[in-house]
Amino acid sequence: MEIPIIEFLIKVGAGAVAGMCMGIERQIKGKPAGLKTNALVGLASTVFVLVSLLFQGESSTDMTRIIGQIVVGVGFLGAGVIMHRGDERVKGLATAATIWCSAAAGCLAALGLYSELAVFTVLVVTINIVFGYLNKKLTDDVPENNN
């Protein structure tokens, strides 16, 4: 089975653009994984799911395994942006979660769930912006621990 090139371009484009939308907010905030990383994760996860769809209907194939491996594999990538040094707070959790969301977006794009992809992308960006602002306000008001 072959994927028509126009369908392939639309799906990988949607996955990459969703990743870019999520990554641009991280890029603006100067986080270690921004626009390029999230776009590539969205693109790659789209391609992996599209490859798995080539085996749809085969009796010896478990189509869910590729998506499961994306979830696990991207978790390791996200772990690379999480840092903890000495007494400092753990940093990079939101960036790691955003990378994970970019992978989920790529899965939605590959399945052609474009409305769901748009809603999901807007939610991720909104959560990062709104809760990033709230987090900054809440942590800026907390005095330093001088033990």
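Along region 75-83 the Karplus relation, 6.51 cos²θ - 1.76 cosθ + 1.60 evaluated at θ = phi - 60°, assigns HN-Hα couplings of x, 5, 4, x, 4, x, 9, 8, 10 Hz to successive residues, with x for each Gly and Pro.
The C-alpha atoms of the chain define a longest principal axis, and helix 5-28 lies at about 0 degrees to it.
Take 62, 140 and order them by how many other Cβ atoms sit within 10 Å, fewest up front.
Working: 62 10, 140 7.
Ascending Cβ contact count within 10 Å gives the list 140, 62.
Three semi-axes describe the equivalent ellipsoid of the chain; taken as square roots of 5 times the Cα gyration tensor eigenvalues and ordered largest first, they are 34, 16, 11 Å. The orientation-averaged projected area of the convex hull spanned by the Cα atoms of region 77-134 comes to 4.4 nm². Among residues other than residue 129 with Cβ under 14 Å from its Cβ, the summed charge is +4 (Lys and Arg +1, Asp and Glu -1).
Throughout, read-outs are computed from the coordinates displayed, never taken from laboratory work. Predicted model only: the values in this text are computed from it and were never measured. When we count neighbours, we look across all protein chains shown, and the Cβ atoms used for this are built from the backbone with ideal geometry, even at glycine.
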